[in-house]
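These notes concern the structure reproduced below.
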Amino acid sequence: MQNEEKPVEEIVKFVEKEFLISDNDSLVPAANIDSLDVFKKYLAGKLKTLLDEKFDMLVNILYRIDINEKKLSELFSGDNRDHIPDVLAELIIERQLQKIRLRKMYKDGKL
């Protein structure tokens, strides 16, 4: 995962928002996290729980986040399923970074 100079709080906020199940309840509540690596591990733990217990909900969330379907298909069709939460966490963080960059470019008039 590429390490960017983005406030971790902004990425955590975006992810928390994507995992809302009601107005004030998120499956990935914001935590006091100071690095992307720590957040990736935290997110991977939450994703493992969703994979094991609420797979349909996880698929819906991944669709909302707009994770690349080809990457997801390759990930879920592999033999080694133990690494899925880690890779999903990385894909989610990468997608949120893309959204942050696009919003900044739009705001700055570069789009």
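The values are calculated or read from the model by the stated rules, or taken from the named source; none is laboratory data. Since the model is a prediction, treat every value here as computed from it, not as a measurement. Note that each Cβ is placed from the backbone with ideal geometry, even for glycine, and that neighbours are counted across all protein chains shown. We work out accessible area using only protein heavy atoms, side chains counted, and drop any ligands, DNA or RNA first. Shrake-Rupley method; radii C 1.70, N 1.55, O 1.52, S 1.80 Å.
Table for the structure above
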read-out: The range 38-54 - phi-based ³J(HN,Hα) in whole Hz, Karplus 6.51/-1.76/1.60, Gly and Pro as x; value: 5, 5, 4, 5, 4, 5, 4, x, 5, 5, 4, 4, 5, 4, 6, 10, 9
read-out: Simple Cβ-charge dipole of the chain, Lys/Arg +1 and Asp/Glu -1, about Cα centre, in debye nearest 20; value: 460
read-out: Counted charge near Lys71, where neighbours are those whose Cβ lies closer than 15 Å (Asp, Glu -1; Lys, Arg +1); value: -4
read-out: Using a Förster distance of 41 Å, the FRET efficiency for Phe76-Lys110 (Cβ separation, nearest 0.05); value: 0.70
read-out: Nonlocal amide H pairs with Ser26, under 5 Å, H built at 1.01 Å; value: Ile21
read-out: Charge context of Asp86, other residues only, Cβ under 10 angstrom, K/R +1, D/E -1; value: +1
read-out: Calculated [θ] (222 nm, deg cm²/dmol) that DSSP helices of n ≥ 4 give over the chain, each run adding -39,500 (n - 2.57); value: -21500 deg cm²/dmol
read-out: Gain upon complete extension [Glu69, Thr49; 0.36 nm per residue less C-alpha separation]; value: 5.1 nm
read-out: Phi-based couplings in Hz for the range 63-69 (Karplus 6.51, -1.76, 1.60; Gly and Pro marked x); value: 5, 4, 5, 6, 6, 3, 5
read-out: Exceeding the 32 Å Cα-Cα cut-off - candidates Lys41/Lys104; Lys48/Lys110; Lys40/Lys107; value: Lys48/Lys110
read-out: Within the accessible area of the chain (1.4 Å probe), percent carbon and sulfur; value: 47
read-out: Net +/- balance of residues flanking Leu51 in space, Cβ distance below 12 Å, scoring K and R +1, D and E -1; value: -1
read-out: For volume of the Cα convex hull per residue in Å³, calculated from these coordinates, the label among (i) 117; (ii) 89; (iii) 101; value: (i)
